[in-house]
Amino acid sequence: MKLRSAVLITVTVAALAGPATALAATLSVDKACYGAGERVQFSGGGYTPNGAVALSVSGRQLGVGSANAVGEFTANLAAPEIDGKRRTDIFTATDQANLALTASVPVLLTSLNVAVKPRNGDPSKPKRIVARGFTKGRTLYAHVRRGKVKRNLRVGRLKGPCGTLSVKRRLFPPGAKPGLYKVQFDARRRYSASTTPQMAFMVTVFQTVRPARASAAG
């Protein structure tokens, strides 16, 4: 797995807490699914108090931090980009003073994608919109922008922990003026160019000329 930046392991120390001995090590994460670049927050316990704890994935060590006085630690890192739709990576935290103290947790990763089908044809007709990877919201919106045209369309409810959707919607109203439009998909009701995660497309609306109807013979 490729990580574009070094892993920073941070430690939360419990104030006024005395040392304790845990029966088994634990490791958990704060969400059920993560998109590329999201921070994955790990929490663990049952390790050697004030001892070193190494975090690894698929046998490759990512970094080493320290447990607090009661053997607890926290760590966070950016979720990597993945090939394909989804992937589950197994992360492991191992006590460096006692290698028997170890715990693992599966982390579900998703890629971000929006597909509009068919891509061509009359833009005012309903099209199938298939999306995934919008893990930071409950509803998908499409924001249409061109000059004074500012349309915010509710696409539909996102499903599951990885933010998926498949619906038919009309992105452009009948009679939309020809030109180049920006269509941005994200999980915020109001448009912002800096919203994450997002996917944006440039869509060209062409002027159509309908053939004149032949007059009836007299």
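The values are calculated or read from the model by the stated rules, or taken from the named source; none is laboratory data. These figures come from a predicted structure and were not determined experimentally. Every residue, glycine among them, receives a Cβ derived from its backbone with ideal geometry; neighbour counts consider all protein chains shown. Each accessible area value is taken on the protein alone, full model and side chains, heavy atoms only, with ligands, DNA and RNA left out. Shrake-Rupley method; radii C 1.70, N 1.55, O 1.52, S 1.80 Å.
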Just how much of Glu72 is accessible, in Å², when a 1.4 Å probe is used and the result is rounded to the nearest 10?
90
How many percent of Cα pairs in the stretch 88-190 exceed 20 Å?
51
I need the calculated FRET efficiency for the pair Ser166 and Ser194, taking r as the beta carbon distance and R₀ as 22 Å, to the nearest 0.05.
0.20
Please calculate how many Å² of accessible area the stretch 103-207 carries per residue, with a 1.4 Å probe and no DNA, RNA or ligand atoms counted.
58
At 0.36 nm per residue, and after removing the present C-alpha to C-alpha distance, how many nm does the segment from Gln41 to Val149 gain when stretched out fully?
34.9 nm
Inter-label distance, nm, simple model (7 Å from Cα along the C-beta direction), Leu99/Asp83:
3.2
